[in-house]
Amino acid sequence: MVKVCRGRRLRHLRCDLRKGYQVMTKISEVVHFLGTLCPPILAEDWDNTGLLLGDPELPVEAVMTCLTLTRKTCHEAIDKMANLVVCHHPMPFRPVRCITTVSQSGRILWELANHGIAVYSPHTAFDSCESGINAMLARMLRLHDVRPLRPLPQDPLVGAGRMGCLEQPVSLLEFAHRVKEQLGVKAVQLVGRPEASVSRVAVACGAAGELLDDARACGCDVIVLGEARYHTCLEAEFWGIGMVLVGHYASERRGVEKLAEILRRHFPHLKVWASEQESDPMCWV
């Protein structure tokens, strides 16, 4: 249920400023911090990152992080009077000719704009940065000697994906169970011989099947992905590389929860939370 209009929101902010409660943080300050945390140079060429909607000079009191802008997350941001949504997946993603309520993305952007809510997307820049999603996945799987799977030439500490080694080799099946436990998922898809030994592991959140060649070049025994195309799975099987597919949502949702924690620490005077209404649209039946 949409509860508050843009005019009411802005009147409240102006009233607080007149009363001298505190100097308000601007959206541009949060944007600057996010650009430092997730440098735009790390974003893939095809991506659309940064401030995608809104006025950077407006004040901000409340920030919500989420994986994807949907009807549920949009209405949660409106109901809880967020001024900024940090959404991992960009919206809009591709150039748009019009913004109308006849499409899902158009309706969401229209409602957010009407309520004065800005949208920022870090996407692949957050995937690849030092404290980003892939680095977090590597830590959750207790990998050591971790480094980027596809490092930037100018900075080998950052780049796409991550790779590292297990303390002791385990079977692919045992490793898959470990992934399930660490990510809290009920099921994963497995490519490869369950009894195969794995020691060197690659991780890449989301739909990152294009990193299979990098995993192979680095001598990885298995790659953990959110999802992959059928023919990518066949290619992995051909080269003898195991694959553990955990689902796009499961591979990235922890990242937006972590991002909310990072923003809370840096801006302790702001209300920051990870969407409480967001859920995986896919389930096993």
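The values are calculated or read from the model by the stated rules, or taken from the named source; none is laboratory data. Please read these numbers as outputs of a predicted model, since none were measured by experiment. All Cβ positions, even for glycine, are placed from backbone atoms using ideal geometry, and neighbour counts span all protein chains on display.
Filter segment 162-203 down to the residues that are over 19 Å from Met136 (Cβ atoms), free of Cβ contacts under 8 Å to residues at least 40 places away in the same chain and not charged (D, E, K, R) and list them by number.
Correct list: Gln168, Pro169, Val170, Ser171, Leu173, His177, Pro194, Ser197, Ser199.
Consider only pairs whose beta carbons are under 8 Å apart and that are at least six residues apart or on different chains; among these, list those whose first residue lies in segment 40-57 and is at positive phi and whose second residue is part of a loop (DSSP other than H, G, I, E, B).
Gly54/Gly116; Gly54/Ile117
Touching an Asp or Glu at 6+ places or on another chain (Cβ under 9 Å) and within 30 Å of Leu183 (Cβ to Cβ): does that describe Cys66? Don't jump to the end; show me each part of the working.
Values: touching an Asp or Glu at 6+ places or on another chain (Cβ under 9 Å): yes; within 30 Å of Leu183 (Cβ to Cβ): yes.
Yes.
Filter segment 54-106 down to residues that are within 17 Å of the chain's Cα centre (by Cα) and farther than 20 Å from Lys271 by Cβ and give me whichever is surrounded by the fewest Cβ atoms within 10 Å (Cβ to Cβ).
Residue satisfying both the conditions and the ranking: Phe93.
Look at segment 215-249 and say how many of its residues are small (Gly, Ala, Ser) and without any contact (Cβ under 8 Å) to a residue 40 or more places away in the chain.
Number satisfying all stated conditions: 4.
Out of everything in segment 148-177 that is surrounded by 16 or more Cβ atoms within 10 Å (Cβ to Cβ) and over 20 Å from Met243 (Cβ atoms), what residue ends up being farthest from the chain's Cα centre (by Cα)?
Going through the qualifying residues, I end up with Pro151.
Taking the options Val146, Val119, Val102, name whichever one is assigned by TED's automatic domain parsing to the domain that holds Met81, out of contact with any Ser or Thr (no Cβ under 8 Å at 6 or more places or on another chain) and modelled with pLDDT of 95 or more. Steps first, please.
Details: Val146 fails: assigned by TED's automatic domain parsing to the domain that holds Met81; Val102 fails: modelled with pLDDT of 95 or more.
Just one listed residue meets the conditions, Val119.
Please give the number of the condition Val185 fails out of (1) closer than 28 Å to Ala43 by Cβ; (2) part of a strand (DSSP E or B); (3) out of contact with any Leu (no Cβ under 7 Å at 6 or more places or on another chain).
(2)
Could you check, for segment 31-53, whether at least one of its residues is more than 21 Å from Ala274 (Cα to Cα), surrounded by 13 or more Cβ atoms within 10 Å (Cβ to Cβ), small (Gly, Ala, Ser) and modelled with pLDDT of 90 or more?
Yes: one or more hits.
Can you work out which of the residues in segment 235-285 that are of a type in the set (Val, Ile, Thr) and in contact with a helix residue (DSSP H, G or I) (Cβ under 9 Å, 6 or more places away or on another chain) is nearest to Ile27 (Cα to Cα)?
Val272
Being out of contact with any helix residue (DSSP H, G or I) (no Cβ under 6 Å at 6 or more places or on another chain) and part of a helix (DSSP H, G or I), is that true of even one residue in segment 146-158?
Among the residues of segment 146-158, not one is out of contact with any helix residue (DSSP H, G or I) (no Cβ under 6 Å at 6 or more places or on another chain) and part of a helix (DSSP H, G or I), which makes the answer no.
Looking only at segment 178-188, decide whether some residue is over 17 Å from Leu245 (Cα atoms), modelled with pLDDT of 95 or more and assigned by TED's automatic domain parsing to the domain that holds Cys233.
Taking every residue of segment 178-188 in turn, none turns out to be over 17 Å from Leu245 (Cα atoms), modelled with pLDDT of 95 or more and assigned by TED's automatic domain parsing to the domain that holds Cys233.
Looking at the structure I just gave you, is Pro194 surrounded by fewer than 20 Cβ atoms within 10 Å (Cβ to Cβ) and at pLDDT below 95? Lay out the reasoning, then the answer.
Numbers: surrounded by fewer than 20 Cβ atoms within 10 Å (Cβ to Cβ): yes; at pLDDT below 95: no.
In short, no.
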